[in-house]
1. Given charges of +1 on the Cβ of Lys and Arg and -1 on the Cβ of Asp and Glu, with all other atoms neutral, how large is the dipole of the chain about its Cα centre, in debye to the nearest 20?
2. Compute the whole-percent fraction of alpha carbon pairs in the chain spaced more than 36 Å apart.
3. Using the Karplus curve 6.51 cos²θ - 1.76 cosθ + 1.60 with θ = phi - 60°, work out ³J(HN,Hα) for each residue of the range 261-275 in order, rounded to whole Hz, and write x for Gly and Pro.
4. Near the amide H of residue 245, under 5 Å away, which other amide H atoms are found, from residues 5 or more places off or on another chain, if H is placed in the peptide plane?
5. Can you give the calculated 222 nm mean residue ellipticity of the chain, where each DSSP H run of n ≥ 4 adds -39,500 (n - 2.57) and the sum is split over every residue, rounded to the nearest 500 deg cm²/dmol?
6. I'd like the trypsin sites (Lys or Arg not before Pro) in the range 56-99 restricted to DSSP loop residues with at most 15 other Cβ atoms within 10 Å, sorted by number.
7. Where in the range 212-280 are there chymotrypsin sites (Phe, Trp or Tyr not before Pro) that are in a DSSP coil and have at most 13 other Cβ atoms within 10 angstrom of their Cβ?
8. Figure the gain on full extension for residue 225 and residue 327 (residue separation times 0.36 nm, minus the Cα-Cα span) and round it to one decimal in nm.
Amino acid sequence: MATLVHGHADSRFEEVVTELASNIESGAELGASIVVDLDGETLLDVWGGHADANREEKWARDTIVNVWSITKTVTNLAALVLVDRGLLDLNVPVATYWPEFAANGKESVLVKHVMSHTSGVSGWDQPWEPHQIYDRERATNQLATQAPWWEPGTASGYHDQSLGHLVGELIRRVSGKSLTEFVRTELAEPLGADFQIGARESDRGRIAEIIPPPPIEFDINELAEDDPMRKTFSSTILDASEANTIDWRRSELGAANGHGNARSVARILSPISRAGVVDGVRLLSPSTIDLIFEEQARNVDLVLGIPVRWGIGFGLPEPATLPYIPDDRIAFWGGWGGSMVLTHPGQGLTISYVMNKMGDDIIGSDRAGSYITAIYRALGRK
């Protein structure tokens, strides 16, 4: 194994290990981890590089990092667990569980609309200060009172930060537990996954420092005032260094502040690839997993501005945008800056990649693409 990379790798994955080592050596990566789980067997579990910008702390086996929008996949998985238990219905109005949400024309917004980014509530109406998302109650109440920004169910517009508050509130109302508590007690602990919404103070010493991406040369204020992209990102924290702050880590941001590593991300999402059962722990039935793959939207996303295809809770392959993800029955999503988790039920395969040096990518990255391509090549699959 390359000296810059540590862990375990099946001999078939030499190309992946070499690619990771090369990226660390060149500086394309600062620190990262990659995991491949196939039918419950961990074929690849590697990590390397540094956890801090000064390169004083090695990325260790138990290093965790803010995984940005990979958090959405865990939040939506939590909701699907409640669907599987018969406590949450995807096809009824959100207001069935959260009556206040019916305000201003949202009485027909369904649960599945929120989970597939088609609800029209992709951000907060102005006036709004992005840091107010830390106040869960205030942020959630405002989303409940405002009108949708487009006709719900007709198109997707990425719910960049609002998804966590919306789905999290549904989980709280249905289960009686906060999203943070539900993920811990119903997902992470039963599966033995080192994943959490936010980050405990006791874990502070093992959290990798986020290195923000290069500045985006695009002024959202040039867009029309009613453009969903402008409205969404105007109400969102856009300074990635915020993830290194205590306020960020103490908050419940179900769209963006999950903390884990490739091992824990793969573990917590692997029920989708493994017919809902992991080492005797049953989270989902096959019929609930099937719901993920019911296409809800396929359009140039109103917020991201690129072609996106949504199932319920997860992205589905869209070759026009991410050609390295096989056009198969795959559910995935990436985190800001380039991380990625991919579940492939027909193959019993879960792939995860997380890192701390962000690229200028919102969904996936060239690095993620090279690792995923090499992994499929190693498995002799497409």
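No lab work stands behind these numbers, since they all come straight from the coordinates. Only a predicted model underlies this, so the values are computations on that prediction, with no experimental measurement involved. Cβ coordinates were reconstructed from backbone atoms using ideal geometry, including for glycine residues, and neighbour counts include every protein chain displayed.
1. I would put it at about 920 debye.
2. Pairs farther apart than 36 Å: 16 percent.
3. Per-residue couplings from phi come out as 9, 4, 5, 6, 5, 4, 5, 6, 9, 4, x, 5, 7, 10, 6 Hz.
4. none
5. Per the formula, -8000 deg cm²/dmol.
6. When the trypsin sites (Lys or Arg not before Pro) of the range 56-99 are filtered for loop state and at most 15 Cβ neighbours within 10 Å, 61, 85 remain.
7. In loop regions of the range 212-280 (DSSP not H, G, I, E or B), the sparsely surrounded chymotrypsin sites (Phe, Trp or Tyr not before Pro) are 218.
8. 33.1 nm
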